[in-house]
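One structure is given below, encoded as structure tokens.
The values are calculated or read from the model by the stated rules, or taken from the named source; none is laboratory data. All figures in this text were calculated on a predicted structure; none of them were measured in a lab. Cβ atoms come from the backbone with ideal geometry, glycine included; neighbour counts cover every protein chain shown. Keep in mind that these areas ignore ligands, DNA and RNA; they rest on the heavy atoms of the full protein, side chains included. Shrake-Rupley method; radii C 1.70, N 1.55, O 1.52, S 1.80 Å.
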Amino acid sequence: MEAKAIVVGSSAVGGVCAKALANHGVETLVLEENFKPGKFHKCSGIMSKAGLESLGVSIKECTLNEVRGARVFAGGTELKFEASSTKGVVIDRQAYDERCAQEAQEAGAKLVLNARVEKVSSHDGGFTVSTPSDSFSSKVLVGCDGANSTVARTLGFPPIEARDFVLAWEGEFSGCRVSDPRLVHIYLEPSICKGFFGWLIPVSEDRARIGFASADFPKVREAKQAFLNLAPVQEVLGPTGSASCECVREFNYVIPIKPRAATQAGNAMLCGDSAGQVKATTGGGVVFGGKCAFIAADEIANHFSSGTPINYERRWREKYGGVLKAHNFIRAAYNFAEGFDNGSVLKASLAVGNAIGLPGFLSAKGDMDFIVS
Ligand SMILES: Cc1cc2nc3c(=O)[nH]c(=O)nc-3n(C[C@H](O)[C@H](O)[C@H](O)COP(=O)(O)OP(=O)(O)OC[C@H]3O[C@@H](n4cnc5c(N)ncnc54)[C@H](O)[C@@H]3O)c2cc1C
């Protein structure tokens, strides 16, 4: 089977990319390894409202909650900020991914399910993409196949180093007690969440996604119980063994926190987690991955209409490389601070933040994607 462009992976970023390509009039084929599109809920599903809306996918049906601020805990110290209007939306991530695929197909992209790409080879005229049962060819290829990208590996893109990943555990709990569903919780606990943090994303007053990530992969499994025993987490879950509170879903998954050194080789491109287009502060990748997919689609369309070389790498780095670097810088500064005195520096930083009026500044100016608005 042939198409002008093949997109590998039909999750949040692949769907946005395929829809944009099809809207530009590029004949597009999407290959997805699973029996349906999406990440199967392996995500906390919180995005900035403005950022998610900017991707143009309808979020009406998959929005579960709206949030406007956060409570940040370090030891016994808390810093709280709350904007006057909605800043983030909590979504049904699987429903969102399926919606992305549906809109891509409505725009004209063709989706092939149960098509696990095993090998990609490039030749003069383009690419040959092989699954266990079929072979597909295209002039242009976009790998939207996530953190363990087969496209990146088989085409020899530089790897994302192991130190630039964190490993997460998350559970969704029903029957818990969320005191204010408009506020997310952030837990700064270096002994448990080394190089990252823990979180609570409220879905409703009695439902929340609670998890943490760490750069210390082997410790994640054993740290889970210690995390669930943290006082502010217990406050939400209720006493250990509480019959009303149930973990309805849990998973482990990796998050890349730094862009790959190269994300384009000729007419092959990587978008989303495969490119490492993720905020190093929070691990959020849906918005920036989608924004970069727009740039890829635009460049590919220009290439087909006017023969210009694809200029994806330079364009996305010019537009979003700076802000992703700023997220990285904050992550590096945080990691430096957490290394001191087992978290007491973090605790002191929150106290100083409270003293100098940081909550007021964040409430007025904080932006989930661009740091300040
Ligand atoms: C615990 C956790 C919490 C997170 N929370 C948030 C959050 O709240 N907000 C946010 O913005 N981001 C969050 N993220 C990150 C976010 O989930 C990713 O940035 C986002 O899913 C990236 O989308 P993607 O389409 O690039 O990759 P993925 O969603 O990983 O999708 C890759 C797709 O490619 C398919 N695929 C893979 N290999 C192949 C192959 N060989 N052949 C064919 N198909 C293939 C997969 O089946 C899948 O459909 C979180 C991540 C984790 C792990």
Residue check, residue 98 more than 9 Å from the ligand (Cβ to nearest atom), touching a residue at least 60 places away in the same chain (Cβ under 8 Å) and more than 22 Å from residue 275 (Cβ to Cβ): yes
Close pairs (7 angstrom Cβ cut-off, 6 or more residues apart or separate chains): modelled with pLDDT under 95 and within 8 Å of the ligand (Cβ to nearest atom) in the range 285-298, of a type in the set (S, T, N, Q) and not in a helix (DSSP H, G or I) anywhere: none
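Condition check ((1) under 17 Å from residue 44 (Cα atoms); (2) aromatic (Phe, Trp, Tyr); (3) under 25 Å from the mean Cα position of the chain (by Cα)) across all residues:
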{"position": "217", "(1), (2), (3)": "no, yes, yes"}
{"position": "222", "(1), (2), (3)": "no, no, yes"}
{"position": "230", "(1), (2), (3)": "no, no, no"}
{"position": "248", "(1), (2), (3)": "yes, no, yes"}
{"position": "257", "(1), (2), (3)": "yes, no, yes"}
Qualifying residues in the range 271-284 (those that are near the ligand (Cβ under 9 Å from one of its atoms) and more than 18 Å from residue 170 (Cβ to Cβ)) - the one surrounded by the fewest Cβ atoms within 10 Å (Cβ to Cβ): 277
Any chance residue 179 is farther than 29 Å from residue 337 by Cβ, of a type in the set (S, T, N, Q), away from the ligand (no atom under 12 Å from the Cβ) and outside the structural domain of residue 283 (by TED's automatic domain parsing): no
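Taking the condition of being in a loop (DSSP other than H, G, I, E, B) and either within 12 Å of the ligand (Cβ to nearest atom) or crowded, with 23+ Cβ neighbours inside 10 Å (or both), how many residues in the range 162-176 meet it? Quick ask: steps written out before the conclusion?
Our first condition is that a residue be in a loop (DSSP other than H, G, I, E, B); within the range 162-176, this holds for 175-176.
Still in the running and either within 12 Å of the ligand (Cβ to nearest atom) or crowded, with 23+ Cβ neighbours inside 10 Å (or both): 176.
Of the residues in that region, 1 qualify.
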Given (1) touching an Asp or Glu at 6+ places or on another chain (Cβ under 9 Å); (2) closer than 30 Å to residue 248 by Cβ, number of the condition residue 20 does not satisfy: (2)
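Per-residue answers, yes or no, for (1) outside the structural domain of residue 201 (by TED's automatic domain parsing); (2) within 18 Å of the chain's Cα centre (by Cα); (3) within 15 Å of the ligand (Cβ to nearest atom); (4) not aromatic (Phe, Trp, Tyr):
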residue	(1), (2), (3), (4)
9	yes, yes, yes, yes
15	yes, yes, yes, yes
22	yes, no, no, yes
29	yes, no, yes, yes
47	yes, yes, yes, yes
51	yes, yes, yes, yes
59	yes, yes, yes, yes
78	no, no, no, yes
Condition check for residue 325: in contact with a strand residue (DSSP E or B) (Cβ under 8 Å, 6 or more places away or on another chain), open to solvent by 60 Å² or more (accessible area, probe 1.4 Å) and of a type in the set (Lys, Arg): no
Complete set of residues in the range 135-160 that are among the charged types (D, E, K, R), within 18 Å of the chain's Cα centre (by Cα) and surrounded by fewer than 23 Cβ atoms within 10 Å (Cβ to Cβ): none
Residue check, residue 40 surrounded by fewer than 22 Cβ atoms within 10 Å (Cβ to Cβ) and closer than 22 Å to residue 253 by Cβ: yes
All strands (runs of 3 or more DSSP E) inside the range 193-279 with 3 or more residues being free of Cβ contacts under 8 Å to residues at least 60 places away in the same chain: 207-214
Residue in the range 123-134 that is farthest from the ligand (Cβ to nearest atom), counting only those that are open to solvent by less than 80 Å² (accessible area, probe 1.4 Å) and assigned to a strand (DSSP E or B): 126
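What about residue 28, is it at pLDDT below 95, among the β-branched types (Val, Ile, Thr) and either over 21 Å from residue 147 (Cα atoms) or buried (at least 18 other Cβ atoms within 10 Å of the Cβ) (or both)?
no
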Sole residue being within 15 Å of the ligand (Cβ to nearest atom) and over 19 Å from the mean Cα position of the chain (by Cα), chosen from 40, 35, 73: 35
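How many residues does the range 94-114 contain that are open to solvent by 50 Å² or more (accessible area, probe 1.4 Å) and under 18 Å from residue 33 (Cβ atoms)?
Result for the range 94-114: 5.
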